[in-house]
Structures are given as structure tokens and as C-alpha cells.
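Here is the structure we will look at.
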Amino acid sequence: MKKEFFSLPYFSTDFASVVPFVRAHHEDECRHVIRVADEVASGTFVFDLRWDMEQTVHPVVFTDEIDWLHQPGDDPEWIFAFNRMRFWICLGQAYVLTGDEKYTRVFISQMLHWLATVKRDDPQAAPAWRTIEAGIRMENWLKTIRYFRDSPLLDNVVLRTFVAGVTDHAEYIMGIWNSYNLMSNWGVLANHGLFMAGTLLPPLPRTKEYRDVAIRRLEAESRIQVYPDGMHWEQSPMYHNEVLRGFLDVVSLARMGAVCLPDGFVQRTKAMSMADFWMRKPNGYEPMMGDSDDIDMRDIISRAALIFSDGILKSGGYPVLDYESAWDFGVPGIEAYDRLEARLPQETSHHFTDSGNITFRSGWNDDETYVRFHCGTLGAGHGHADKMHYDLFSHGEDILVDPGRYTYVNKPERFEFKDSSAHNTFIVDGKSLYTGIDSWECRNLSRAVNVRYADRNGMAYAEGGQSGYCGQGVFVNRRIIFIRPDILFVCDEAYACGSHSYKTFLHFGSGGKVEGSGSEYRFSSNRNDVRIVFPGEGFSTSIHPSRMSRHYNQLEDTRTLVRTSWADGFSCMVHVVFVSPSTSIRGGSPGTIREVPVTSNFKGLTFSADTIGGWVVEKDDRSYTIVIAHEEFASPTDTFLANGCTGFGSTVVFDNSAGETETGTVLAY
């Protein structure tokens, strides 16, 4: 049986030839994997691998028999993570790296114990038998077993028990299909496991049926869950990547086994990979958007680059093949990745037209400035109240952040991190955009509207509003102008009836010091020196202690800047962010902004600030005039005049230092 089981191409990787590569290029990950394997061998469990969805910090130790249903605290996610057995892959890789049979003995012992004690028909075992865990287990078990292929301890008796266990999982998933699985990442992760079982189990009577059913389900799930722009609908890069990892497995396994997949499924997998390319920060990490952590996702992009032979994807991945892909594709994959030529796109910004996400970059180097704007769908339970939020990253550091998720437990901290006040957006009358019911559900949903994008003449533009405060008589809108490489102009608009209060939140990363008062603040670190300026009057500002969570169960102290104002009727609230590297602030201007009047060329009158606003922004030896029309003004034929510049449009920028006085760069009409 053993020879037949391991005869498939997936199990034929020459792992011995992979060891020198991972030792040479991924020694840190080798050490991490061996450390995890040794802990598991001693009955100690900490979930701190890169893609552990709910990481832990404090070890849980079993000195005697393992209790697979043990919950050490108030969070059942520990049980879920425990019963995914991602740590078994570490046992397998540690075995190949060291040749020590203790890892084989631990794997066999724990696998047999789990199968004997955690039965799916036992109501007490329900926490271990959610469909998501069952699917992930099939993946992790089948990936683990191949590393022990050459171990004499893995005999036919053990292998038959293993196959029976995976088959039981497959039968379980075969019996579950509903609208929730169609729409949720759970369905993808369950049916990804089913596909692996149908592709890698011996040719049993139902094996092909497992595979065919999984393909039909995965195709349906990809059609409904993946936007045409490549983003997963749950608006969380971490769950986007969990789904993508599953899809990439399916594509690569299908190719190995000459299995035909629907063209649309493969195309959507490629689109999700390209979404990662555009969404990633300059350091290769995913944004902490929605329920996401601060994770380096270049391994996934590298894997996608290899699978699709795509040079653009490779430019967003690693120079050499990532650690896990090296094990999965062996020396042929390592060499194919080396031959693939990396190439960068000409564009440095991207509009995700369906999901409402926009990213800007000043360039493609690691130290460039990156801006992400979100004004799209909620993303269900993993989404946060983050419409009109933006992130700012520069010179290898988070400056303005989405603070992450921290926990899924239904307690105050869960609502703290999902609330509008935890994001770089603004609220009306002290009310969050959504009202949380529990950890996953909220009410008073809103719609993102008026999303616009442009990138012209070295300037990028994003705009978006939302309907969440219309019941209070207020429509809110945000415009962002990114003047490359280092000026970010943000204009918030509230179209209101009556008197209302407004609060704008700016959450800083944990790597710098925040100081200032009144209309000017500074974020300084060993990488950045950033100034935030609020022009105008009639507002107050304050700094408050806050928190961010780069990983589940982990907290860092940060600072949040709050701008508060009151207005009767329309209100325009502006702030400008001037970005400089920490070493350059001594030699150049930190940046200034001043308001200027805007007049009608035809009528000769000065427009009210509620109609059109004008500002002059200067940094170093550059000067720009920015004009934003909050409502239409050209009746009859008319143009505006601001700081000696004549133009038309709702968002226009003039390059004063280039002598530009007519037309300008129109970013929105």
C-alpha cells in the first residue's frame, strides 16, 4: 500500500535535494520549524507560524495525555487552531531536515490518538469538527504525510489508519453544502481539503467523486466570492490570502495530476494573485484591513508567480523561491523560479473598481511612500466600520495605520477594534458608522458611493462617500490627493442639514513619537519625520492613548490624533500630511499650507467656502495650488481663479513651481 500511496507526482519530490536550498536561503524559517517541532514533541503548543490565523503568545503544555478539546482561556479559537494541526507539517519538515525519527513517532502517536478520541459523531467534539477545521485538516494531514514517506516507522497499518481518517473527513464535507458555504471562506477551505483528498487518496470508489464535487463547489464559490477586480468579498487581506492559498493549491495539484479545471476558476485565482501584488505594502506585508494581521505575504505572491510564470508577480515576491514553495515544488520549481525574469508595471497606483479599494505608490523601491484608501463593501463579519479609511506607509514604516483585530471574543476589545473610531476616517455626532450586535454581526449598514480614481501628471486621486449618516441629515465624502512623492492632501466634506459635530481620527503606528498641538503635529522616528497640518479655524485637536494589534492576541500602545469641529450646514475639513525621511528634515522645508480665496472669472465675485475652496501647498522648492469645488459653480459659462490660476473642475491641482497658471491637472470634474 505504501508504494502505491506515494506513487503520485505530488509525493515524489526529492526532499533531500531541497534541504541545501532551504538551509542556505531560509535558515530562520528552518530554525523556527524545528523549534515548533521540538515543542510539539514535548507537548507544548504555541501558534506563531506565519499563516496561523489566530496566533498565540503563551504556551499551553500537556504533561500527560493531550486533550484535543482543551480551551485555555475565554477564546474558543485556541481549540480551532489546535485542531487544524498546522504544526504537524513542522514535524515532517523537521524530520527531513534532521533525519530524527522522533518526529515520525510524535506524528504517528498524535495522529492515532486524535483519531481514537475526537469522533465527529460525539457532540462534545463539535468544536473540532467545524467544516473549516475539517477542510484544513485534510490539507495539513496530506501535506504532512509526504515528509515521512521514507520513514520505516510509517508502515502499512499506520497508513491505512491515516487514509481511513482522511476519507472520513471527505465524507463529512461531501454531506455539507449550503448557501453559507457558497458565500464564506469556510466553504473554500473545506472544499479545498476535499479536492486534495480526491486528488491524493488512493483510487477508492468515491475518490474521483470527491474531486469532481470539490471542483464544482470551488468554481461556484470563486464566482460569487471573488470580485472581478480580484479582491475577496470579505474585505480582509488575511482571509483573501487563506482563500488564495487554497486556490493556488488546487491549480498546482490539478496540473500535476492532469486534472481539468474551469478556465474561470484559474483566471480568478490569477486575479486574486494580482490583487495581492497591488495591495501589498512596500515591505511586502498585507494591510491590516478588516480582520487581518501584519503578515509578510511575499511567499504567496512568489508561489503565484511560479504557478503562472508571471514576472510582474515575481517582482512583488522574493528574489528566490519561498520556503514552503521550495518543499512543494522541489528543485524543478526552485530552478524555474530562478529563470523567471521579474518585471515591474509602469503604473504605480491601482483602482480595485469592484471592491472600492485604491492604492498609491511613489515608486517601486522598498523605501517608497504607499497610501491605501478604502470605500467599498463591508465584507460581512470580517469587515470593520472603515469606509473612507486610509493607511500611510513610508520608508519601511507604518505611519498611519489600521489597528488590526486583536480578538474574536465577544467582548469590548472586539468592538473597540471594529469601530469607526479605530480607523482613519471621520464620524458624525459621535456615532460610529455601524452598531455591533456581536463579534460578527452589525446593524445600520451603509452604502459606499461616489468612488472615483485618477492618476495624472505625477498626482493620484481617490474619492468616496457613504450613506451611513443620511438618516441624521448628513452625507459624508472624502477626497485624497497624493502629490508624489511626499504630500498627501485630504479633504473631508459633510453635506448637512442643521448643526452637527465631526471627529476625524488619525491612528499612528507604534514606531515613532507623536507630538504637537493646535493645527500642527509631528510623527518622528528613526525612519520618518512627518508633519500633519490642519488649515483654517473653528476646530480643536487632541492626542489620546490607543492600541494596535499586529497579530491576534497581541497589543501595542500607540497614539491617536483627533480633530473635533462643529458646523451648521455644509462643512469642509482639511488636513495635509508632509512625509520626509528622518535624515532629510534638516535640509528642506517641512511643508506649509495656506487657504486662498477663489473667485469667478465671469462674475467677478468671490465664491463662498461652501462652494469652492482653494489652498496653496508648499514643500521644499515645490508649490501647488489646489482647488476643490464642493458643488457646481459654472452657470453660465465660468472658470475659477485661485492664486493666479484659472481652471475648471471639481478637483484641480496647479504646479506653481512649473509656472502653470491655466487648466492645471484635473483629477475630477
(message) For the structure I just gave you, tell me whether Ala254 is surrounded by fewer than 19 Cβ atoms within 10 Å (Cβ to Cβ) and free of Cβ contacts under 8 Å to residues at least 60 places away in the same chain.
(response) yes
(message) Among the residues of the range 620-669, what is the count of those that are assigned to a loop (DSSP other than H, G, I, E, B) and among the hydrophobic types (A, V, I, L, M, F, W, C)?
(response) 3
(request) Using the structure shown, decide if Pro72 is touching a strand residue (DSSP E or B) at 6+ places or on another chain (Cβ under 6 Å) and on the phi < 0 side of the Ramachandran plot. (result) yes
(request) Please work out if Glu341 is more than 21 Å from Ser292 (Cβ to Cβ), assigned to a loop (DSSP other than H, G, I, E, B) and in contact with a strand residue (DSSP E or B) (Cβ under 6 Å, 6 or more places away or on another chain). (result) no
(request) Output the residues belonging to the range 212-243 that are surrounded by 22 or more Cβ atoms within 10 Å (Cβ to Cβ) and of a type in the set (Gly, Ala, Ser). (result) Ala214, Ser222, Gly230, Ser236
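Conditions (1) small (Gly, Ala, Ser); (2) touching a helix residue (DSSP H, G or I) at 6+ places or on another chain (Cβ under 7 Å), marked per residue:
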| site | (1), (2) |
| --- | --- |
| Thr558 | no, no |
| Asp568 | no, no |
| Val574 | no, no |
| Ala609 | yes, no |
| Thr625 | no, yes |
| Asp638 | no, no |
(request) Can you work out which of the residues in the range 497-522 that are touching an Asp or Glu at 6+ places or on another chain (Cβ under 8 Å) and in a strand (DSSP E or B) is surrounded by the most Cβ atoms within 10 Å (Cβ to Cβ)? (result) His507
(request) State yes or no: is Val617 part of a strand (DSSP E or B), at pLDDT 95 or above, crowded, with 19+ Cβ neighbours inside 10 Å and not polar (S, T, N, Q)? (result) yes
(request) Scan the helices (runs of 4 or more DSSP H) fully inside the range 35-149 and keep the ones with 2 or more residues being in contact (Cβ under 8 Å) with a residue 12 or more places away in the chain and either assigned by TED's automatic domain parsing to the domain that holds Tyr552 or surrounded by fewer than 18 Cβ atoms within 10 Å (Cβ to Cβ) (or both). (result) 102-117
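Does Thr63 satisfy being more than 16 Å from Tyr147 (Cβ to Cβ) and polar (S, T, N, Q)? Break it down stepwise before answering.
Values: more than 16 Å from Tyr147 (Cβ to Cβ): yes; polar (S, T, N, Q): yes.
The answer is yes for Thr63.
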(request) Might you let me know whether the range 455-465 holds any residue that is more than 29 Å from Asp366 (Cβ to Cβ) and small (Gly, Ala, Ser)? (result) yes
(request) Tell me which residues, restricted to the range 529-546, are of a type outside the set (Asp, Glu) and assigned to a strand (DSSP E or B). (result) Val530, Arg531, Ile532, Val533, Phe539, Ser540, Thr541, Ser542, Ile543, His544, Pro545, Ser546
(request) Scan the range 316-329 and report the pairs whose first residue is closer than 18 Å to Val251 by Cα and whose second residue is of a type in the set (D, E, K, R) and part of a loop (DSSP other than H, G, I, E, B), with Cβ atoms within less than 9 Å and a gap of 6+ or a chain change. (result) Glu324/Arg50
(message) Restricting to the range 352-371, count the residues that are within 25 Å of Thr558 (Cα to Cα) and either surrounded by fewer than 22 Cβ atoms within 10 Å (Cβ to Cβ) or of a type in the set (Ser, Thr, Tyr) (or both).
(response) 6
(request) Read through the list (1) surrounded by fewer than 19 Cβ atoms within 10 Å (Cβ to Cβ); (2) over 21 Å from Cys30 (Cα atoms); (3) among the β-branched types (Val, Ile, Thr), then give the number of the only condition that Val320 fails. (result) (2)
(message) Among the numbered criteria (1) under 24 Å from Gly509 (Cα atoms); (2) in the same structural domain as Ala422 (by TED's automatic domain parsing); (3) surrounded by fewer than 22 Cβ atoms within 10 Å (Cβ to Cβ), which one does Gly381 miss?
(response) (1)
(message) Could you check the range 621-647 and list, in sequence order, the residues that are hydrophobic (A, V, I, L, M, F, W, C) and in contact with a Gly (Cβ under 9 Å, 6 or more places away or on another chain)?
(response) Ile626, Val627, Ile628, Ala629, Phe640, Leu641, Ala642, Cys645
(message) Taking the conditions exactly as written (more than 30 Å from Gly356 (Cα to Cα) and at pLDDT below 95), does Arg211 satisfy them or not?
(response) no
(request) Looking only at the range 563-576, decide whether some residue is crowded, with 22+ Cβ neighbours inside 10 Å, within 27 Å of the chain's Cα centre (by Cα) and hydroxyl-bearing (Ser, Thr, Tyr). (result) no
(message) When you check Ser580 against the structure, is it in contact (Cβ under 8 Å) with a residue 60 or more places away in the chain, among the polar types (S, T, N, Q) and buried (at least 18 other Cβ atoms within 10 Å of the Cβ), yes or no?
(response) yes
(request) Go through the residues of the range 155-172 one by one and say whether even a single one is free of Cβ contacts under 8 Å to residues at least 24 places away in the same chain, under 20 Å from Val106 (Cβ atoms) and surrounded by fewer than 18 Cβ atoms within 10 Å (Cβ to Cβ). (result) yes
(request) Search the range 185-211 for residues being without any contact (Cβ under 8 Å) to a residue 60 or more places away in the chain and either in a loop (DSSP other than H, G, I, E, B) or basic (Lys, Arg) (or both), and hand back the single one that is nearest to Val166 (Cα to Cα). (result) Leu201
(request) Kindly state which strands (runs of 3 or more DSSP E) lie completely within the range 349-447 and contain at least 1 residues that are of a type outside the set (A, V, I, L, M), farther than 26 Å from Gly316 by Cα and in contact (Cβ under 8 Å) with a residue 24 or more places away in the chain. (result) 426-428
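The values are calculated or read from the model by the stated rules, or taken from the named source; none is laboratory data. Nothing here was measured: the structure is a model prediction, and the numbers come from that model. For neighbour counting, all protein chains shown are included, and Cβ atoms are generated from backbone atoms with ideal geometry for every residue, glycine included.
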